[in-house]
Amino acid sequence: ATTTNYGASSTLQIGGGYSTLLKFDIANLLPAGTTASQVLGASLVIFPNRVTTAGNFGVYQVTGAWSENSVTYATKPTVSATPYVTSYANVNSFKELIATGLVQAWVTTPASNFGVEIEASGSTVLTLDSKENTSTSHYAMLLITLSSPAGPAGPKGATGITGPAGAKGATGATGAA
């Protein structure tokens, strides 16, 4: 809708004139100092809980700023011209969409993280849960796998105190004369 904000909606509509914006604050998801080369994999996981018309959808990189509580169709941000990834909409089945390169770009240039927009292709219409959905709670997630390089060995610690002597053992057999 040109002037309606759906930021508090419990569902996210895609297709039939609707698209969905998602954004993840990766600065709060990753340890400080994480580099793009440490991002081994990243997946956007969504759960289409209703597919009115089956078909394909695309995930596009958002290239302009927006706010969940104020964005409308009239103020929606710009997106990349080609989809980052496309997939087929299956109902009641988690979809894992590979987003490794996108997350690595966001780590390299945090100011470029404006999220993604999901748009349907052709007559495809599907519904996702939002984070506000308390019925099924299958909200979109961003799963990130990091490498864990071993750092240099730390300095040797101080020697501890000597413990008490143990109990005396049994006397052994006498040897040959």
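The values are calculated or read from the model by the stated rules, or taken from the named source; none is laboratory data. Because the structure is a prediction, the values reported are computed rather than measured. Cβ: placed from backbone, ideal geometry, glycine included. Neighbour counts: every protein chain shown. To get the accessible areas, we keep the full protein, side chains included, count just its heavy atoms, and leave off ligands, DNA and RNA. Shrake-Rupley method; radii C 1.70, N 1.55, O 1.52, S 1.80 Å.
Annotations for the structure displayed:
- Selected from THR11, PRO31, ALA158, residue furthest toward positive end of dipole (the chain; charges at beta carbon): ALA158
- Rounded to the nearest 20 debye, dipole of the chain from Cβ charges on Lys, Arg, Asp, Glu: 520 debye
- Other residues within the sphere of radius under 13 Å centred on the Cβ of GLN13, judged by their own Cβ, net out at -2 (K and R +1, D and E -1).
- Over the stretch 40-138, equivalent-ellipsoid semi-axes from the Cα gyration tensor in Å: 22, 17, 15
- Heavy atoms of the protein chains alone define the surface here; on that basis the chain has 60 Å² accessible area per residue at 1.4 Å probe size.
- Cα-based convex hull volume of the chain per residue, rounded to whole Å³: 283 Å³
- The chain, accessible surface, carbon-and-sulfur percent (1.4 angstrom probe): 56 percent
- Label separation (THR78 vs SER148): 4.2 nm, computed from points 7 Å beyond Cα along the C-beta direction.
- Were the residues from ILE161 through MET141 laid out at 0.36 nm apart, the gain over their Cα-Cα distance would be 2.2 nm.
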